[in-house]
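The values are calculated or read from the model by the stated rules, or taken from the named source; none is laboratory data. Being a predicted model, the structure only gives us computed values, none of them experimental. Heads up, the Cβs are rebuilt from the backbone with ideal geometry, glycines too, and the neighbour counts pull from every protein chain shown. Heavy atoms of the whole protein, side chains included, go into the accessibility calculation; ligands, DNA and RNA do not. Shrake-Rupley method; radii C 1.70, N 1.55, O 1.52, S 1.80 Å.
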Amino acid sequence: MDHIKRQALLARIEADREAILNFVRDLVRAKSPNPPGDTRSSMQCVRDFLDARNVPYRLENRDETMPNLVATTTFGGQDRHLVLNGHIDVFPVPDSAQWSIDPWAAQERDGAIYGRGVADMKVGTMASIITYAYAHAMVEGQLDGRLTLAVVSDEETFGPNGTRHLFEVCPEEITGTAVLVGEPSSRHTVRLGEKGMLWLRFKVETQGGHGAYVHIGPSAVDQSSTVIADLRKFADFDFQEPPSIVMALTNAGAAYDRAFGSGASRNARRVTMNVGRINAGTNVNMIASQCTFEVDFRLPMGVVIQDALDYIEKLRETHGFTYDIMMASEPNWTEPDHEFVKIVATNAAMIAGAPPQLIPGLGSTDARLWRNRGVPAVVYGPAPRGMGAIDEHVPVEEIIDVVRCHVLSAFDYLSAKER
């Protein structure tokens, strides 16, 4: 895309600044915590925005309380097909009194907009919608190929009603040849992959007994504690990272920690484990006869799910427990030298004034669903300030920067020129 067209796009974004920020505010105010996952008010906000600009779309719903929106424009015969993906469900707010500002008011303070879901990921979703609306309004001959917008629900709990449903009902339309997702990254990082995810539910059972007669038999809680301690030793598993990921991460430590918090760069390259929930016993004066606990393993590139399952099976030789798999996703990544990665990185560098680091993410996103199908997927969005915690916020200028990067990257990838 030539310099004059790029400058025109940037000028248009600047002219639309207030409309962009108002759209973000409206999205945040349209509450959509998941659970329970009812996103109808947020989707109506999206529909109102597109309707006002005469942008056609359709809804593809598996659950009417969790709508998904799909829109596609074909610009020419080129086989390039970019998909813009974003979700509108957000984490719940357990206690709004902990926030220093109303989590659903989308108020601006100190140059930032505060609110649940503003970082994860209503800013990124808004950037996808703005990008699609701009492209749809372009005159013939400026773009070539196809552009698809997929605004989905049910992502925060990895449920079946969002992107996974779209892959069932309209796979050809949303698969594409590349995908851009506005999940949190930061101005200084571009996420080209993510760690694997393995969620497990364990169950330990004993004969139980009276709490005063602990000599009679073991507690399921105590035995579970031993199992948990041994599960943590899987962090020492020896593995070999792919060379391209080693190269990408070697110099990324400072930028990684800046974006995701001190220690993030170390955890990107190791197995981590979190015990998220435990349920055991009936009364304080009884030896617990049953304990269930749920574990979240995150696996770096070079470790596969079967490695973890093999380790767990060996533990079963010495510990009495059963388990079932709640969720599983292998580590996934797009090679750093892929053209679309370079396009997004180049635009991010222009915006931030310095080349971004190409990194795998710690958390999981819908981008994995494309990478698992062999489609290059790139994540670029705001930094995750307060994501899933209190006082989630995004600086105003960073909001505009995300829009700039998404718009320019989409137009670069689909620019009408000989290749």
The listed residue being farther than 28 Å from residue 183 by Cβ, surrounded by 12 or more Cβ atoms within 10 Å (Cβ to Cβ) and of a type in the set (Lys, Arg), out of 266, 258, 270, 316:
316
Suppose the filter is modelled with pLDDT of 95 or more, under 28 Å from the mean Cα position of the chain (by Cα), surrounded by fewer than 18 Cβ atoms within 10 Å (Cβ to Cβ) and under 30 Å from residue 342 (Cβ atoms); does residue 172 pass it?
yes
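Are there any strands (runs of 3 or more DSSP E) wholly within segment 40-140 with 1 or more residues that are polar (S, T, N, Q), open to solvent by 10 Å² or more (accessible area, probe 1.4 Å) and at pLDDT 95 or above, and if so which? Don't jump to the end; show me each part of the working.
Values: elements: 69-74, 81-87, 112-114.
In segment 40-140, the matching strands (runs of 3 or more DSSP E) lie at 69-74.
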Residues that are surrounded by 17 or more Cβ atoms within 10 Å (Cβ to Cβ), at pLDDT below 95 and in a loop (DSSP other than H, G, I, E, B): does segment 14-34 have at least one?
no
Can you tell me which residues in segment 189-230 are crowded, with 17+ Cβ neighbours inside 10 Å, outside any loop (DSSP other than H, G, I, E, B) and not hydrophobic (A, V, I, L, M, F, W, C)?
189, 191, 193, 194, 196, 209, 223, 224
Result of the Cβ filter at 9 Å on segment 259-287, keeping first residues that are within 12 Å of residue 361 (Cα to Cα) and partners that are exposed (fewer than 13 other Cβ atoms within 10 Å of the Cβ), at least 6 apart or interchain, is 265/254
What single numbered condition from (1) of a type in the set (A, V, I, L, M, F, W, C); (2) open to solvent by 20 Å² or more (accessible area, probe 1.4 Å); (3) farther than 30 Å from residue 212 by Cα fails to hold for residue 375?
(2)
Evaluate the following for residue 245: is it closer than 30 Å to residue 407 by Cα, among the aliphatic types (A, V, I, L, M), touching a residue at least 40 places away in the same chain (Cβ under 8 Å) and outside any loop (DSSP other than H, G, I, E, B)?
yes
Any residue in segment 240-254 that is open to solvent by 40 Å² or more (accessible area, probe 1.4 Å), over 31 Å from the mean Cα position of the chain (by Cα) and among the aliphatic types (A, V, I, L, M)?
no
State which residue pairs qualify: first residue touching a residue at least 40 places away in the same chain (Cβ under 8 Å) and under 18 Å from residue 203 (Cβ atoms) and inside segment 296-324, second residue hydroxyl-bearing (Ser, Thr, Tyr) and not in a loop (DSSP other than H, G, I, E, B) in any location, beta carbons under 7 Å apart, and separation of 6 or more residues or different chains.
312/323; 319/226
Residues to consider are 389, 354; find the one that is surrounded by fewer than 16 Cβ atoms within 10 Å (Cβ to Cβ), free of Cβ contacts under 8 Å to residues at least 40 places away in the same chain and farther than 24 Å from residue 239 by Cα.
389
Residue 82 - would you say it is farther than 17 Å from residue 24 by Cα, free of Cβ contacts under 8 Å to residues at least 24 places away in the same chain and touching a strand residue (DSSP E or B) at 6+ places or on another chain (Cβ under 8 Å)?
no
Of all residues in segment 1-13, how many are in a helix (DSSP H, G or I) and free of Cβ contacts under 8 Å to residues at least 12 places away in the same chain?
5
